[in-house]
Amino acid sequence: MRTDDNRVASLTVLGRQTDDNDNGLSSVTMDVTTWENPEAR
């Protein structure tokens with residue numbers, strides 16, 4: 001994916017947790033890595 005600053009980003013979903021009321025997904029844990037855009041240098 002790309003950020004608003006046009007940086008390349010990698011997202012890895014590490015886990016998820018649903019709420020106790022069975023209303024669906026309530027949280028997601030992610031590892032995010034971004035790199036600078038080489039054109040911006």
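If DNA, RNA and ligands are ignored and the probe is 1.4 Å, what is the ranking of ASP31, ASP5, ASP20 by accessible area, most exposed first? Walk me through the numbers before you get to the answer.
Working: ASP31 80, ASP5 120, ASP20 155 Å².
Heavy-atom accessible area, descending, gives ASP20, ASP5, ASP31.
State the extension gain, in nm to one decimal, for the chain segment bounded by THR34 and ASP5, taking 0.36 nm per residue of separation less the distance between their alpha-carbons. Before the final figure, lay out each step's value.
Details: separation 29, 0.36 × 29 = 10.44 nm, distance 1.05 nm.
Gain on extension, THR34 to ASP5, equals 9.4 nm.
The values are calculated or read from the model by the stated rules, or taken from the named source; none is laboratory data. Every value quoted in this text rests on a predicted model; they were computed, and no experiment measured them. These area figures cover heavy atoms from the full protein model, side chains too; ligands, DNA and RNA do not enter into them. Shrake-Rupley method; radii C 1.70, N 1.55, O 1.52, S 1.80 Å.
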